[in-house]
Amino acid sequence: MGWDGIRLAAAVTAGRLAASLSRRLRLGGGTTMPGRVARALHPQVVSRLAAGLRRGCVVVTGTNGKTTTARLIGHILARAGIPAAHNRAGANLAAGIVAALVERSGWTGRPRVDAGIFEVDEATVPLVWAPLRPRVAVLCNLFRDQLDRYGEIDLVSSRWRTALAQDPGEAVVVYNADDPLVADVGRTLPRQVPFGIADASCGAGTLEHAADARYCYRCGQPYQYAAVYFGHMGQYRCPRCGVRRPEPVVAARDVDLEGLRGTAFTLSTPAGERRVRTVLPGLYNVHNVLAAAAACLQLGVPLEQIAAAVEEFRPAFGRAERVRVNGREAVLLLAKNPAGFNEVLRTVLHPQSVSGGQPVLLVAINDLTADGRDVSWLWDTDVEMLAGRVGRVVVSGLRAYDMAVRLKYAGLPAGSLRVQPDLAAAWEEAVAAADGPVYALLTYTALLNLREILRRRGLVRGFWED
Amino acid sequence: MDLRICHLYPDLLNLYGDRGNLTVLVTRARWRGIVVAVDAVGIGDPLPVGRHDLYLIGGGEDRQQRLAAADLTTRKADALREAAGRGAVVLAICGGYQLLGHSYRPAAGEELVGVGLLDVVTVHPGPQARRLIGNVVVRCPLLGGAALVGFENHGGRTYLGPGAAPLGRVVVGSGNNGEDGTEGAVSGHVYGTYLHGPLLPRNPAFADHLLAAALRVRHGDVSLAPLTDDLEAAAHAAGVARATGTRP
């Protein structure tokens, strides 16, 4: 073993030690520290470890759906007998990726798994593209999200464009054809698989306010839509330059939405068709399943195994996670940007979600760095749809009053609104006010906070054990 | 009593919850029994001269702003100048603010010519320059020195000429350019500011200042009935506390 090998071994060993120490000392999940330690000892640790993955790695990026898509892929691969390293606790910056690799490698730097699944923050893609040399890249979607951190959406897509075009390597790019901004990145690449929903009946006729890509990227003309699914997702074409939604190679036909109970659709692929049913609710999760299926087909998993794995999949923490409390059910829903928030609201209000009585909502909005420090996006959500359709709404978090003002101007009666900035107390109030289920809509750190509160009460497990 | 609002480029300049400002103006007027009509006026649409009491323009990304700028200066500038001349209210946020000035030089590409309703020029120091991002608190002379609270996120630096007064003095944040302590610009009843999105939801006193000024155009001096603003006041106080690092 040469000097470089010794350094690599030291990096992996130190990283693994850091992970186990941080867990034992209860410093949290230990999801990023090991990566920082390992990289300090060997800066090329990512490319060295990634190169040892026999089946290569999958990178999943985009604004919404990264975690669920990556977990679906992990679940499908595990069922197909392909063990994978995965930054599953949602640490999706570079350090989290190193940590996941280090944890699944032997001390000499040989991975003990065949594949890698990496959820990558949309702005981090250019940094990890070259060292990971992914076999499959999944581009989920692009929405306005954390503009204080990412700058403009166009900027994110142009960074993807540059990174993916520079050295596409062997990468197959699996991308969302229904998102015009994402499709414009994917359609020009040499190896590409567009996915999308091929069922105009589940779309609306008009764009919602949260649509972000209304104007043709190439010529500035407004797109025309034959169907709008949500946000700016849909069947679009530009009347001037003729750019249109690419025909999806992996598609969902005959989609049946069943509210929070789940979704059924026909999964159509080059390898055949199969009807699937998933507990994952909402149209946005149809995209996630399509993305995961397309990626796993690329890795050689048979359609039948993919479909079976999708059917038994249970969601990640806080993605429609269910908790039982005092004989009642609470559903935790991550809601961190307008398009996602709207989809969660539509799912909660779906006739098949509501069973007797009006639902009680707990909405907690934080403005820490991981949430986005700017809460302007609350005004881009269509919370007007709640008026007259919910019972009590308890509002919490660091930006509780901003959310309360938003709901007030959306026409919610003052009597149904409660502000309780303390999250534990807000949880108590919501549970006490509910006849039926409680729906908790939370930004990212508020979700972590609520799960910690529930974990201490023995209602959920720690997110890193998930 | 009635109020006619014109929302310019609602689907193009709407980056940071800009419709929150419209929602608040409309709702606060209606709560007082004022009949409100809103016209959405986009690219290619004519802007009728003399019709509206209040004009709103939001912010957008560079690409959207470029699309809007061409339309604004060729099709709508005359009607906007006429509006400012008769005392109608114009509120422009972020990108819209930059377009109301003389010019905007973006990070890349050609300089955009503005409408010139505000005596300001904006220069983007280039893609590598730090964006001015964060919570903002300013003291606003129009409100007797009371605070306006909001969030800013802009690359362009705006400089005031002698014909424009600042909307406020920066207490926390960067303001127009991060150098001279000014935020926004006012000339008559034309207002420009970088405090984006939910500026009016958190600053109901400023919303009412704009409503009263807009109603004055056709209805003379009116006194606005007070509203129950407890949630708005709490959001304002929490915003100031969050920005200044104190507890509310």
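Name the single residue that is surrounded by the most Cβ atoms within 10 Å (Cβ to Cβ) among those in segment A:213-231 being in contact with a helix residue (DSSP H, G or I) (Cβ under 6 Å, 6 or more places away or on another chain) and within 11 Å of chain B (Cβ to nearest Cβ).
A:ALA213
Only one of these is under 24 Å from the mean Cα position of the chain (by Cα) and assigned to a helix (DSSP H, G or I): A:LEU459, A:LEU407, A:LEU447, A:LEU441. Name it. Reasoning before the result, please.
Values: A:LEU459 fails: assigned to a helix (DSSP H, G or I); A:LEU407 fails: under 24 Å from the mean Cα position of the chain (by Cα); A:LEU441 fails: assigned to a helix (DSSP H, G or I).
Going through A:LEU459, A:LEU407, A:LEU447, A:LEU441 in turn, the sole match is A:LEU447.
Suppose we keep only residues that are within 30 Å of B:GLY95 (Cα to Cα) and modelled with pLDDT of 85 or more within segment A:128-156. Which one would you say is nearest to the other protein chains (Cβ to nearest Cβ)?
Start the filter on segment A:128-156 by keeping residues that are within 30 Å of B:GLY95 (Cα to Cα), which leaves A:139-156.
Remaining after also requiring modelled with pLDDT of 85 or more: A:139-142.
Values: A:LEU139: 19, A:CYS140: 20, A:ASN141: 17, A:LEU142: 12 Å.
Per the stated criteria, the residue is A:LEU142.
Name the pairs whose Cβ atoms lie under 6 Å apart, with the first residue in segment B:111-133 and within 14 Å of chain A (Cβ to nearest Cβ), the second at pLDDT 90 or above and crowded, with 19+ Cβ neighbours inside 10 Å, and 6 or more positions between them or separate chains?
Correct list of pairs: B:HIS124/B:GLY155; B:HIS124/B:GLY156; B:ARG131/B:GLY155; B:LEU132/B:GLU152; B:LEU132/B:HIS154; B:LEU132/B:SER174; B:ILE133/B:ASN153.
Keeping to segment A:403-457, report how many residues are of a type in the set (A, V, I, L, M) and within 14 Å of chain B (Cβ to nearest Cβ).
Just the residues of segment A:403-457 that are of a type in the set (A, V, I, L, M), to begin with: A:403-405, A:407, A:410, A:412, A:414, A:417, A:419, A:423-426, A:430-434, A:438, A:440-442, A:446-448, A:450, A:453-454.
From what's left, within 14 Å of chain B (Cβ to nearest Cβ): A:403-405, A:407, A:410, A:412, A:414, A:417, A:419.
So the answer is 9.
In the list A:ALA330, A:ALA400, which residue meets the criterion of being surrounded by 19 or more Cβ atoms within 10 Å (Cβ to Cβ), more than 14 Å from chain B (Cβ to nearest Cβ) and either in contact (Cβ under 8 Å) with a residue 12 or more places away in the chain or out of contact with any Lys or Arg (no Cβ under 6 Å at 6 or more places or on another chain) (or both)?
A:ALA330
Within segment B:49-67, does at least one residue satisfy the condition of being at pLDDT below 95, surrounded by fewer than 24 Cβ atoms within 10 Å (Cβ to Cβ), within 20 Å of B:LEU112 (Cβ to Cβ) and among the small types (Gly, Ala, Ser)?
Scanning segment B:49-67, I find no residue that is at pLDDT below 95, surrounded by fewer than 24 Cβ atoms within 10 Å (Cβ to Cβ), within 20 Å of B:LEU112 (Cβ to Cβ) and among the small types (Gly, Ala, Ser), so the answer is no.
Answer with yes or no whether B:HIS219 is away from chain A (no Cβ under 14 Å), open to solvent by 30 Å² or more (accessible area, probe 1.4 Å) and either among the acidic types (Asp, Glu) or farther than 20 Å from B:CYS140 by Cβ (or both). Walk me through how you get there before you give the answer.
Details: away from chain A (no Cβ under 14 Å): yes; open to solvent by 30 Å² or more (accessible area, probe 1.4 Å): yes; either among the acidic types (Asp, Glu) or farther than 20 Å from B:CYS140 by Cβ (or both): yes.
For B:HIS219, the condition - away from chain A (no Cβ under 14 Å), open to solvent by 30 Å² or more (accessible area, probe 1.4 Å) and either among the acidic types (Asp, Glu) or farther than 20 Å from B:CYS140 by Cβ (or both) - is met.
All but one of (1) modelled with pLDDT under 95; (2) in a loop (DSSP other than H, G, I, E, B); (3) in contact with a strand residue (DSSP E or B) (Cβ under 8 Å, 6 or more places away or on another chain) hold for A:PRO190, so report the exception by its number.
(3)
So which residues in segment A:387-397 are hydrophobic (A, V, I, L, M, F, W, C) and either free of Cβ contacts under 8 Å to residues at least 12 places away in the same chain or surrounded by fewer than 22 Cβ atoms within 10 Å (Cβ to Cβ) (or both), if there are any at all? Lay out the reasoning, then the answer.
First pass over segment A:387-397, keeping only residues hydrophobic (A, V, I, L, M, F, W, C): A:387, A:390, A:393-395.
A:ALA387, A:VAL390, listed by residue number.
Within the set of pairs 6+ apart or on separate chains, which have a first residue in segment A:147-158 that is crowded, with 17+ Cβ neighbours inside 10 Å, a second that is at pLDDT below 65, and C-beta atoms under 7 Å apart?
Going by the 7 Å Cβ cut-off, the qualifying pairs are A:VAL156/A:TYR150.
Return yes or no: is A:VAL360 buried (at least 23 other Cβ atoms within 10 Å of the Cβ) and within 30 Å of B:ALA238 (Cβ to Cβ)?
On the way: buried (at least 23 other Cβ atoms within 10 Å of the Cβ): yes; within 30 Å of B:ALA238 (Cβ to Cβ): yes.
Spelling it out, A:VAL360 is indeed buried (at least 23 other Cβ atoms within 10 Å of the Cβ) and within 30 Å of B:ALA238 (Cβ to Cβ).
Can you list residue pairs whose Cβ atoms sit under 7 Å apart, with the first residue in segment A:237-259 being part of a strand (DSSP E or B) and the second being among the acidic types (Asp, Glu)? Count only pairs 6 or more apart in sequence or on different chains.
As it stands, the answer is A:ALA252/A:ASP199; A:ARG253/A:ASP199; A:ASP254/A:ASP199; A:VAL255/A:ASP199, since those pairs meet every condition given.
Quick one: in segment A:365-384, of everything that is among the hydroxyl-bearing types (Ser, Thr, Tyr) and either in contact with a His (Cβ under 7 Å, 6 or more places away or on another chain) or open to solvent by 30 Å² or more (accessible area, probe 1.4 Å) (or both), which residue is nearest to the other protein chains (Cβ to nearest Cβ)?
Only one residue fits best here, namely A:SER376.
Here is a list: A:ARG218, A:ARG144. Which entry is assigned to a loop (DSSP other than H, G, I, E, B) and under 23 Å from A:VAL286 (Cβ atoms)? I'd like the intermediate steps shown before the answer.
Numbers: A:ARG218 fails: under 23 Å from A:VAL286 (Cβ atoms).
So the residue among A:ARG218, A:ARG144 that is assigned to a loop (DSSP other than H, G, I, E, B) and under 23 Å from A:VAL286 (Cβ atoms) is A:ARG144.
Here's the yes/no breakdown for (1) surrounded by 14 or more Cβ atoms within 10 Å (Cβ to Cβ); (2) within 14 Å of chain A (Cβ to nearest Cβ):
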position	(1), (2)
B:ARG19	yes, yes
B:LEU22	yes, yes
B:LEU25	yes, yes
B:ILE34	yes, no
B:ALA37	no, no
B:ILE43	yes, yes
B:LEU47	yes, no
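Got a number for residues in segment B:140-183 being small (Gly, Ala, Ser), in a strand (DSSP E or B) and open to solvent by less than 40 Å² (accessible area, probe 1.4 Å)?
As a first pass, look at segment B:140-183 and keep what is small (Gly, Ala, Ser): B:144-147, B:150, B:155-156, B:161, B:163-165, B:168, B:173-175, B:178, B:181.
Cutting the leftovers down to in a strand (DSSP E or B) gives us B:146-147, B:150, B:165, B:168.
Next cut, open to solvent by less than 40 Å² (accessible area, probe 1.4 Å) only: B:147, B:150, B:168.
Summing the residues that are small (Gly, Ala, Ser), in a strand (DSSP E or B) and open to solvent by less than 40 Å² (accessible area, probe 1.4 Å) in segment B:140-183 gives 3.
Is there any pair linking a residue in segment B:184-204 that is touching a residue at least 60 places away in the same chain (Cβ under 8 Å) and assigned to a helix (DSSP H, G or I) to one that is open to solvent by less than 10 Å² (accessible area, probe 1.4 Å) and of a type in the set (D, E, K, R), with Cβ under 6 Å and at least six apart or on different chains, and which?
As it stands, the answer is B:PRO204/B:GLU232, since those pairs meet every condition given.
The values are calculated or read from the model by the stated rules, or taken from the named source; none is laboratory data. What you see is a predicted model; the values in this text were computed from it and never measured. Every residue, glycine among them, receives a Cβ derived from its backbone with ideal geometry; neighbour counts consider all protein chains shown. Each accessible area value is taken on the protein alone, full model and side chains, heavy atoms only, with ligands, DNA and RNA left out. Shrake-Rupley method; radii C 1.70, N 1.55, O 1.52, S 1.80 Å.
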